[in-house]
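Visitor: Have a look at this one before I ask anything.
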C-alpha cells in the first residue's frame, strides 16, 4: 500500500533492557534517523508562539538588554510598554492553553510511531494526538493541579516523586488507549521499583538538553550583539528567533526518552520483548503454508539372512 507524501517508516524498536547510556544513544539515533519528522512537529508547535511574541513586541525586551551595555540609562528612557499590545498578549496565553495537549503529546506520538514502525508523517502525528486531545488535557491538568497543591503546602519532594511516577502517563494514554486516571495509575504501576533510575535519566536528559540549548542561545546572542549596523530591536528579534528555534530543536529529546522509558519499563516488568516475539511467531505461523508431510521411507533392501517376500528355497 502506497504511503502518503512525507510519510516515515522505520524498523521497529529492538526491545531490551536499556542502561542510561544505551537509552541516550537510542534517543539520539531515533532523532537523527527521523530528524525531519521531529523537527517538523516541533517547529509547527513553536511557530504560533513565535509569531505572537513578535506581534506583542516581546523581542524589544531583548533589545533593551543589548542597548543597556552601551547606555546604562536605557531602561529609564526606553518608553517600553507604551506600544505593548495587550490583545496579542491575551491571545498568546489563550493559544498556550489551547495547544497544551499538542505540546505534551505530539513528539511522544511521533516517538511511538517510530518505535513501533508505524507509517507516519507530521500531519498523521497531529491527527492522532487530536483524537486524544481531551484525554491528554486531563492527564496534564491533574499533574499541574497536584503540583500546585503540593507546592502550596511546601512538599516539593513529594511533587517530584509524583511527577516522576506519572512520567509515562501520556505514552500509556496514546499507546494503550487508557483514560486519564487509568493512565496515571498505569504509569505509577510501571514506575514502581524503578523510580530512582527514571529520576536519574530525567535529570541527565534535562541537563543535557539545557546545555545544548544554552550553548546555542549564547552563540546566537553573541552574533546578534556583535553584528554591525543592527538596531536594538532587530538584535532582540534575532535573539528571540534563535532561542525559539533552538528550543524547538531540543524539544523532541525529552519525549523520545520518555517513550523509550515506557518500553524499557514494560520489558523489565512484563517481559514485553518475549511477548512480542511470541505474537510475531504466531502471526508468521498463520501466514505461512502448512508444513509438508515427512517423505515416505524408501523401501529397505532385505537383509542377506532374510528371504525376499514371495521367495522360497
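A quick yes/no check of all residues on (1) assigned to a loop (DSSP other than H, G, I, E, B); (2) at pLDDT 65 or above; (3) surrounded by 15 or more Cβ atoms within 10 Å (Cβ to Cβ); (4) under 16 Å from the mean Cα position of the chain (by Cα):
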| residue | (1), (2), (3), (4) |
| --- | --- |
| 2 | yes, no, no, no |
| 13 | yes, yes, yes, yes |
| 36 | no, yes, no, yes |
| 41 | no, yes, yes, yes |
| 49 | no, yes, yes, no |
| 78 | yes, no, yes, no |
| 82 | yes, no, no, no |
| 104 | no, yes, yes, yes |
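Visitor: Enumerate the pairs (first residue in the range 212-232 and in contact (Cβ under 8 Å) with a residue 40 or more places away in the chain; second residue anywhere and assigned to a loop (DSSP other than H, G, I, E, B) and surrounded by 13 or more Cβ atoms within 10 Å (Cβ to Cβ)) with beta-carbon separation below 8 Å, excluding pairs fewer than 6 apart on the same chain, so at least 6 apart or on different chains.
Guide: The qualifying pairs are 224/230.
Visitor: Of the numbered conditions (1) exposed (fewer than 15 other Cβ atoms within 10 Å of the Cβ); (2) modelled with pLDDT under 70; (3) part of a helix (DSSP H, G or I), residue 269 satisfies every one except a single condition; which is it?
Guide: For residue 269, the failing item is (2).
Yes/no matrix, rows are residues, columns are (1) more than 16 Å from residue 263 (Cβ to Cβ); (2) out of contact with any helix residue (DSSP H, G or I) (no Cβ under 7 Å at 6 or more places or on another chain):
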| position | (1), (2) |
| --- | --- |
| 157 | yes, yes |
| 169 | no, no |
| 175 | no, no |
| 181 | yes, yes |
| 188 | yes, no |
| 193 | yes, yes |
| 196 | yes, yes |
| 201 | no, no |
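The values are calculated or read from the model by the stated rules, or taken from the named source; none is laboratory data. This is a predicted model, so every value here is computed, not measured. A quick note on method: Cβ atoms are made from the backbone with ideal geometry, for glycine too, and the neighbour counts reach across all protein chains shown.
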